[in-house]
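The values are calculated or read from the model by the stated rules, or taken from the named source; none is laboratory data. Being a predicted model, the structure only gives us computed values, none of them experimental. Positions of Cβ are backbone-derived with ideal geometry, glycine not excepted, and every protein chain shown enters the neighbour counts. Accessible surface is based on the protein model in full, side chains and every heavy atom, while ligands, DNA and RNA are left aside. Shrake-Rupley method; radii C 1.70, N 1.55, O 1.52, S 1.80 Å.
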Amino acid sequence: MVSLSPSLKAQLSTPLKIGSVEVNSRVLQSPLSGVTDLVFRRLVRRYAPESMMYTEMVHASGLRYAKALPKIMEVDPNERPISIQLFDCRPDFLAEAAQKAVEEGADTVDINMGCPVNKITKNGGGSSLLRQPETAEAIVRAVVQAVCVPVTVKTRIGWSDGEINILEFAKRMEDAGAQMITIHGRTRAQGYNGNAQWEWIGRVKEILSIPVIANGDIFCVEAAVNCLKQTGADGVMCSRGTLGYPFLVGEIDYFLKTGQLLTPPTPEERLECAREHLEALWQYKGDRGIRQSRKHMTWYTKGFPGAAELRGQLAVIETVEQGVELIEQAIAALP
Ligand SMILES: Cc1cc2nc3c(=O)[nH]c(=O)nc-3n(C[C@H](O)[C@H](O)[C@H](O)COP(=O)(O)O)c2cc1C
């Protein structure tokens, strides 16, 4: 039975203060490249209206030369609080990009210092900044100077088991002016494997004054509560647990606010959500939205009779009508 102590409940019932921005939720939806577009965020926000959400990561250099703002940076004027996440290794490019992010409506600007993908790290961005703390510091200083909104950092605990440097690194980010740090409790070498090492997040929390958000392996309410208890973090950020399940942030938020567990969505409700997601992607992105929807559809189709077959069919849809028909048939066939 999952429960919160009265002292933890009291601590978590106050707003999360990110510099000048107050957020009435201690659960955040992480940036997920290829996933957290405007359509997905809208679904998450329906169940977690007060939570902070992030765009997919945006390449600052790409933005400098782009004629128009990329779609992944689009923000709905009604969606708040929202952070635009940027990646790069050049402080001046990031500062410029951050200004554009603020013009677009970002409440905070987040710098990606955790992405493990080779294409990004070999150009000096993402988690490779853990190995270049002077550059990381220069980035935070430059962006803080360029914008009037809080600047935050999302990173990992280190490059590899032999190079865990999150304690010095996080302190350096705070001293440079970062107003919040989110820590994915894995090293770059771990990728997404093994367990998130939450103990490092707890150690960072002990030495920082800015909010520390714990990330990694938050797949359910129980994990969120255990993580908060273990780390003393100011909040938790959900990631892979939200794939095909935009209900997760709301479920955790509700529990932290009320001490009550929400009834999980039925297979029918999940399939209705999948259909809505598919239709909205089609409306927002056209054919590209259909191609992108295939992976989302495979994530939604789990845990009910016939799910595997439906997953295979939805993975190859060419049109919105095809997908909607398959989902409607699946709903009709539910026991
Ligand atoms: C498909 C996918 C895309 C991701 N894209 C981003 C991103 O754009 N920016 C970022 O900071 N982290 C990104 N991440 C990392 C997650 O935000 C998160 O830190 C990581 O998945 C650990 O949390 P989890 O164990 O709960 O999944 C991505 C992860 C996945 C699986």
Taking the chain and counting helices only, DSSP H stretches of n ≥ 4 at -39,500 (n - 2.57) each over all residues, the nearest-500 ellipticity at 222 nm comes to -13500 deg cm²/dmol
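How high is the relative contact order of the range 180-286, in percent, with contacts defined as C-alpha pairs under 8 Å that are six or more residues apart? Present the calculation step by step, with values, prior to reporting the outcome.
Details: 130 pairs, mean separation 21.2, N = 107.
Averaging sequence separation for qualifying contacts and normalising by length gives 20 percent for the range 180-286.
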To the nearest 10 degrees, how steep is helix 320-332 against the longest Cα principal axis of the chain, on a 0 to 90 scale? 70
Accessible-area order for Arg311, Arg275, Arg45, Arg80, largest to smallest, probe 1.4 angstrom, reads Arg80, Arg311, Arg275, Arg45
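Work out, step by step, the length gained on full extension between Gln322 and Leu262: first 0.36 nm times the residue separation, then minus their alpha carbon distance; give nm to one decimal.
Working it through step by step, the gained length comes to 18.4 nm.
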If I take every Cα pair under 8 Å that is 6 or more residues apart in the range 89-222, average their sequence separation and divide by the length, what percent do I get for the relative contact order? 22
Return the FRET efficiency for the residue pair Met1, Glu74: r is the Cβ-Cβ distance, R0 is 56 Å, and the value is rounded to the nearest 0.05. 0.85
Percent accessible area from carbon and sulfur atoms, the chain, protein chains only, probe 1.4 Å: 50
Would you mind checking the tilt of helix 166-176 against the longest principal axis of the Cα atoms of the chain, expressed as 0 to 90 degrees and rounded to 10? 70
Roughly how much of Thr182 is accessible, in Å² to the nearest 10, using a 1.4 Å probe? 0
For the range 12-134, what is the accessible area per residue in Å², given a 1.4 Å probe and the full set of protein chains? 39
Subtracting the Cα-Cα distance from 0.36 nm times the residue separation, let me have the gained length for Lys302 to Gln145 in nm, one decimal. 51.9 nm
With every protein chain present, what accessible area does His59 have (1.4 Å probe, heavy atoms only), rounded to the nearest 10 Å²? 80
Compute the label zone of Glu22 within the range 66-105: residues whose backbone N is under 16 Å from the point 7 Å along Cα-to-Cβ. 81
Heavy-atom accessible area of Asp107, protein chains in place, probe 1.4 angstrom, given in Å² to nearest 10, is 20
Just from the alpha-carbon atoms, what are the Rg and Dmax of the chain in angstroms? 19.7, 59
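What ranking of Arg90, Arg291, Arg156 comes out by heavy-atom accessible area, probe 1.4 Å, highest first?
Ranked list, largest accessible area first: Arg291, Arg90, Arg156.
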Nearest-ten-degree value, helix 198-207 long axis tilted from longest Cα axis of the chain: 40
One would report the antiparallel percent of DSSP beta bridges in the range 6-258, rounded to the nearest 5, as 10
Order of exposure, largest accessible area first, which applies to Tyr192, Tyr65, Tyr47 with probe 1.4 Å: Tyr65, Tyr192, Tyr47
What does the charge count near His184 come to, summing +1 for each Lys or Arg and -1 for each Asp or Glu among other residues with Cβ under 12 Å from its Cβ? +4
